[in-house]
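The values are calculated or read from the model by the stated rules, or taken from the named source; none is laboratory data. Bear in mind the structure is a predicted one, so any value in this text is a computation, not a measurement. Methodologically, a virtual Cβ is constructed for each residue, glycine included, from the backbone with ideal geometry; neighbour enumeration extends over all protein chains shown. For accessibility, only protein heavy atoms count, side chains too; no ligands or nucleic acids. Shrake-Rupley method; radii C 1.70, N 1.55, O 1.52, S 1.80 Å.
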Amino acid sequence: GDIVNYSTISQVTDEQVMAQSLHALWNQIGVVLHAHQGTLNHYAGDAIFAVWEVARFPDAAERAIDFALAANMLVDDLGPELPLRGPDGLPIHMGWGVVQGMAALAAMTRSVDAVIGDATNVAFRLSGLAGRQGRAAVLATSGIHSAARSFFDWGTSESVEIKGRRGMETVFPVIARKTPGEPPPAAPTTSPNVTAP
């Protein structure tokens, strides 16, 4: 997850307001993450990175999407109570990227392990696209869509170029968890290619 317009917000916001708001936000999101059995890898000021190991959770894709949807709802509810505001004066909002793939653990310091690899890079870049330029707040890669397609309502897919990566990535907006008894999804559609930062 990534706070939209964080760089601009941090330029015009008092550091104490930033610290207090982010402390409250990350604490509450941590509760949601715990409820969905995700593992926090790290916070990066404006971003949170969490993982679900497929070996432990065969339904990892579902859990990650459910977390992103729940965390986004929390931000929508909590945002108006926080003094932290976007450049337009409105409450903050976030974008969420859900990916799957191989990753490696690297000991960065004695107390912190980093999850590294292409999937990590895609996750950060995707969260930086979500919730911006009319996109849904939660975007998922095609691998996540394949793994969890029947459990969620999806928007129209889009091909995007992810900064620092060759080729295009097909991403799918996640709308909501399906209500039991809904009919199976129609074949996915794809919108024109888009180049994104």
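Do the conditions hold for His34, that is, is it in a strand (DSSP E or B) and open to solvent by 20 Å² or more (accessible area, probe 1.4 Å)? Spelling it out, it is not the case that His34 is in a strand (DSSP E or B) and open to solvent by 20 Å² or more (accessible area, probe 1.4 Å). Scanning region 147-179 for residues that are of a type in the set (Ser, Thr, Tyr), in contact with a strand residue (DSSP E or B) (Cβ under 7 Å, 6 or more places away or on another chain) and modelled with pLDDT of 95 or more returns Thr156, Ser157.
Take the conditions (1) at pLDDT 95 or above; (2) surrounded by 12 or more Cβ atoms within 10 Å (Cβ to Cβ); Pro185 misses just one of them, which is (1). Within region 98-124, the set of residues being of a type outside the set (Val, Ile, Thr), more than 15 Å from Tyr6 (Cβ to Cβ), modelled with pLDDT of 75 or more and buried (at least 16 other Cβ atoms within 10 Å of the Cβ) comprises Gln100, Ala119, Asn121, Ala123. For region 60-95, a residue qualifies if it is more than 14 Å from Val17 (Cα to Cα) and of a type in the set (Val, Ile, Thr), and the qualifying residues are Ile65, Val75.
Of the listed requirements (1) surrounded by fewer than 17 Cβ atoms within 10 Å (Cβ to Cβ); (2) modelled with pLDDT of 90 or more; (3) under 16 Å from the mean Cα position of the chain (by Cα); (4) closer than 20 Å to Ala119 by Cβ, Ala71 misses just one: (1).
Taking the criterion of being open to solvent by 60 Å² or more (accessible area, probe 1.4 Å) and either more than 18 Å from Gly86 (Cβ to Cβ) or assigned to a helix (DSSP H, G or I) (or both), the residues of region 9-31 that qualify are Gln11, Val12, Glu15, Gln16, Gln20, His23, Asn27, Gln28, Val31.
Residues are listed down the side, and each one gets a yes or a no for (1) open to solvent by 20 Å² or more (accessible area, probe 1.4 Å); (2) assigned to a loop (DSSP other than H, G, I, E, B):
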residue	(1), (2)
Leu40	yes, no
Glu53	yes, yes
Pro58	yes, yes
Arg63	yes, no
Pro83	yes, yes
Trp96	no, no
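Selection of region 125-142 for residues being part of a helix (DSSP H, G or I) and open to solvent by 30 Å² or more (accessible area, probe 1.4 Å) yields Arg125, Ser142.
Residues that are exposed (fewer than 13 other Cβ atoms within 10 Å of the Cβ) and not in a helix (DSSP H, G or I) within region 143-164 comprise Thr156, Gly164, listed in sequence order.
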